[in-house]
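Below is one structure, written out as C-alpha cells, with a few remarks after it.
Each value in this text was obtained by applying a stated rule to the coordinates, not by laboratory testing. This is a predicted model, so every value here is computed, not measured. Cβ placement follows ideal geometry from the backbone for every residue including glycine, while neighbour counts extend to all protein chains displayed.
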Ligand code: BJW
Ligand code: ZN
C-alpha cells in the first residue's frame, strides 16, 4: 500500500512550536501573512530575519513528539511506499528518524542566496548579514517558501499523490494552497483520504474520514492500526 502523509504545524505543536493560525498563532503581534511574503522581506528585512532567527533558536530547545516518532516507525514498515510531505520548516521529522521526507515550504536550517541562488545548511542567525559561502555577498535569506513563491518538489509530490492508495493530512488547517488541494488530487486519483486534526478544519468535509484529537494520540493509534492490518 502506498501512503502519502501531509503534515502541518499541528504535528509540532505538542513539541512546543507555535502554529500559525490558532489563538496563539501570532509572533510579536504579527500575522504570518505580514512576515511570510517577499514584499515584507524587501520592506523590512530586519523584522523578517528576527522572526526566523527566533524560530531557528527555538528549534534547538524542542524535541520530536510521539506523532513524529510514529511516522518514523511507519517508514520502517512501509519503506519507499511512504512519503511524508511536510509544510513545516522544522527538522523534527528527521530527528525522529524519517528519511523519505519532502519540505515543500523549505527549512529553517537552510539559507538561500538571493545573488547566486545557492542553498546552504545553516544553523546560525541570518539577521547580522553573514557572507554567502558560495559567492561572498551578504544576500542570504531564510530558505523558506513565502506567499507567491513556488513550493519545492511539487512534481515529485504530485506523482506520489497520483499513485497513492491512502492520503493522510495531519495537523494542517487547509488554509494554504497548493497543499490544501492535495486531498482533492489524491481522491480523484483513487486514494482513500483521512484527516487527523485537533479540530475540524476548513477542508475536513473533503476527507473520507476525519478524526479529532491531539496528534500525539491520533497518529500512534492510526500507525498501530495500519501495522496490524498489514500483517
Ligand atoms: C493540531 C494540534 C495538535 C493544533 N494535534 N492538530 C488557490 C486559491 C487561493 C489562493 C491560492 C491558491 N493557490 C495559491 C494561492 C496563494 C497562496 C495561498 O494559499 N494563499 C491562501 C492564504 C489562500 N499560496 C501560495 O502563495 C503558495 N505558492 C504557490 O501557490 O505558488 C504557485 C505560484 C507561484 C507564483 C506564481 C504562480 C503560482 C506558497 C505558500 C507558502 C506558505 N508559506 C508559509 C510560511 C513558510 C515558512 C514559515 O514557516 O514561516 O507556510 S505560511 C504558513 O502556512 C506556513 C505553513 O506551512 C502554512 C500552512 O499552515 P499549517 O501548517 O496548516 O498551520 P496552521 O497554523 O494554519 O494550522 C495548524 C492546524 O493544526 C490547525 O488546523 C489546528 O487545529 C491543528 N492543530 N494543534 C493536531 N496538537
Ligand atoms: Zn551567494
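Here the residues 57, 21, ranked from fewest to most Cβ neighbours within 10 Å of their Cβ, fall in the order 57, 21.
Using just the alpha carbons, could you tell me how many Å³ per residue the convex hull of the range 89-136 encloses? Show your work: numbers first, answer last.
Numbers: hull volume 4.4 nm³, N = 48.
Dividing the Cα hull volume of the range 89-136 by its residue count gives 91 Å³.
How high is the relative contact order of the range 85-140? Use alpha-carbon pairs under 8 Å, at least six apart in sequence, and give a whole percent. If you can, show how the numbers build up before the last one.
Numbers: 76 pairs, mean separation 14.8, N = 56.
Contact order relative to length: 26 percent.
Fewest first, what order do 217, 61 take by the number of other Cβ atoms within 10 Å?
If I rank by nearby Cβ atoms, fewest first, I get 61, 217.
Measuring nothing but how far apart in sequence close Cα pairs (under 8 Å, 6+ apart) lie, relative to its length, the range 115-167 scores a relative contact order of 23 percent.
Between residue 76 and residue 31, the FRET efficiency estimated from the beta carbon spacing at R0 = 45 angstrom works out to 0.70. In the chain, the DSSP-assigned H stretches of four residues or longer account for a calculated mean residue ellipticity at 222 nm of -9500 deg cm²/dmol, using -39500 (n - 2.57) per stretch and the full residue count as denominator.
Hey, what did the chain get for relative contact order, percent, Cα under 8 Å, at least 6 apart?
Working: 420 pairs, mean separation 53.8, N = 231.
The normalised contact order for the chain reaches 23 percent.
Can you tell me the 0 to 90 degree angle between the C-alpha axis of helix 45-60 and the longest principal axis of the chain, rounded to 10? The angle comes out near 50 degrees. Helix 215-229 versus the longest principal axis of the chain: what angle, 0 to 90°, nearest 10, using Cα atoms? That works out to roughly 40 degrees.
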